[in-house]
1. With respect to Ala56, determine if the residue is under 24 Å from Leu157 (Cβ atoms) and among the aliphatic types (A, V, I, L, M).
2. Every residue in segment 103-124 that is closer than 22 Å to Asp63 by Cβ and touching a residue at least 40 places away in the same chain (Cβ under 8 Å), please.
3. Being closer than 23 Å to Val35 by Cα and in contact (Cβ under 8 Å) with a residue 24 or more places away in the chain is the filter here, so list the residues in segment 141-153 that pass it.
4. Would you be able to say whether some residue in segment 7-15 is under 28 Å from Ile160 (Cα atoms), in a loop (DSSP other than H, G, I, E, B), modelled with pLDDT under 75 and not aromatic (Phe, Trp, Tyr)?
5. Identify all residues within segment 115-152 that are among the acidic types (Asp, Glu) and either out of contact with any Gly (no Cβ under 7 Å at 6 or more places or on another chain) or farther than 17 Å from Lys10 by Cα (or both); write none if there are none.
6. Hey, among the residues in segment 16-51 that are modelled with pLDDT under 90 and among the aromatic types (Phe, Trp, Tyr), which one's farthest from Phe125 (Cα to Cα)?
7. What are the residue pairs meeting all of these: first residue in segment 56-80, first residue within 16 Å of Val35 (Cα to Cα), second residue basic (Lys, Arg), Cβ atoms under 7 Å, and 6 or more apart or on different chains?
8. If you check Ala109, Ala76, which single one turns out to be more than 20 Å from the chain's Cα centre (by Cα), at pLDDT 85 or above and hydrophobic (A, V, I, L, M, F, W, C)?
Amino acid sequence: MCVDTVQQSKYVRALYAECWNKLWMWEWEEFSRLVYLDADMVLCRNVDHLFTLPPAALYAVGDCYGGRETQEERSACCHFTPDAQPQYFNAGFYVMTPNKAEFAAMHAALAAGSVEVGRFAEQDFLNGYFNGRWRPLPYIYNAQKRIKYHHPNLWDLQHIAVIHYVDDKPWNNPHSPENMAYQDIVEYWWRVYGQGTEGEAKLLGVGAPGEKDTKDAAQAVGLHAPLGLMSKKSTNAVSLHAPLGLVVLQSCEVEAVQQRAVVAVHGAGAQASEGGLGNRS
């Protein structure tokens, strides 16, 4: 799939150029349904029930405008009117059905420039391409961290299924001004990550991390390297956390007729098995 016609210089972040890789998921027809999660997310609750949603082109969560530049933008956030159909979704989490014909149509739309792509790269494209066809999910499946301050009445960890660590990441600069403003959420991420490092070390066939800081332990077993790894047909539920820089596709309850999958993709460095998009190979 070629994205050379897209003006990547206007992206909010250069790493968004890597996010086009997620479109390859529409080619994976060996799976009847996929649930996609950005790798800067923490899964707090089981979401298996999403695999049984009625057929639809795409399910996603309306984007929280809390981080936008103007008050007018922020005031237009869909979470102020939860009963209305959102106009724009965040592409960090969605439920979709692979379909090669859909993938080909996406390719044609990109080549023709028929769908506008702005500052948010493939997220803008997916919103334009699925305009009028996607269905909204409750915010709990993509609880962007800014919701805590933009919509404090909605922030309840007893109900949230997925936390989305948009913008500053806990593992890059945990003491940045932004992360300090979300200190409790950042600490939660590190607690979850610390619980996973021992299991991940065993998975990779290396010794378990010691009691040293979890970040150092993770680096000791190479967990922060951009591995560009993909496992398309694993029958084991493997939990791999955000800073790994890899793509993992895990099949859940694999049956003779139906396969279901959860996909976690790290935007910078991950590549699909068929090769990257645009000018990457």
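1. No.
2. Met106, Leu110, Val117, Gly118, Arg119, Phe120, Ala121, Glu122, Gln123, listed by residue number.
3. Selection gives Tyr141, Asn142, Gln144, Lys145, Arg146, Ile147.
4. yes
5. Answer for segment 115-152, where residues must be among the acidic types (Asp, Glu) and either out of contact with any Gly (no Cβ under 7 Å at 6 or more places or on another chain) or farther than 17 Å from Lys10 by Cα (or both): just Glu122.
6. Filtering segment 16-51 for residues that are modelled with pLDDT under 90 and among the aromatic types (Phe, Trp, Tyr), the one farthest from Phe125 (Cα to Cα) comes out as Tyr16.
7. Within 7 Å, the pairs are Ala56/Arg135; Ala57/Arg133; Leu58/Arg133; Tyr59/Arg135.
8. Ala109
The values are calculated or read from the model by the stated rules, or taken from the named source; none is laboratory data. Quantities reported herein were computed from a predicted structural model and do not represent experimental measurements. Note: ideal-geometry Cβ built from the backbone for every residue, glycine included; neighbour counts use all protein chains shown.
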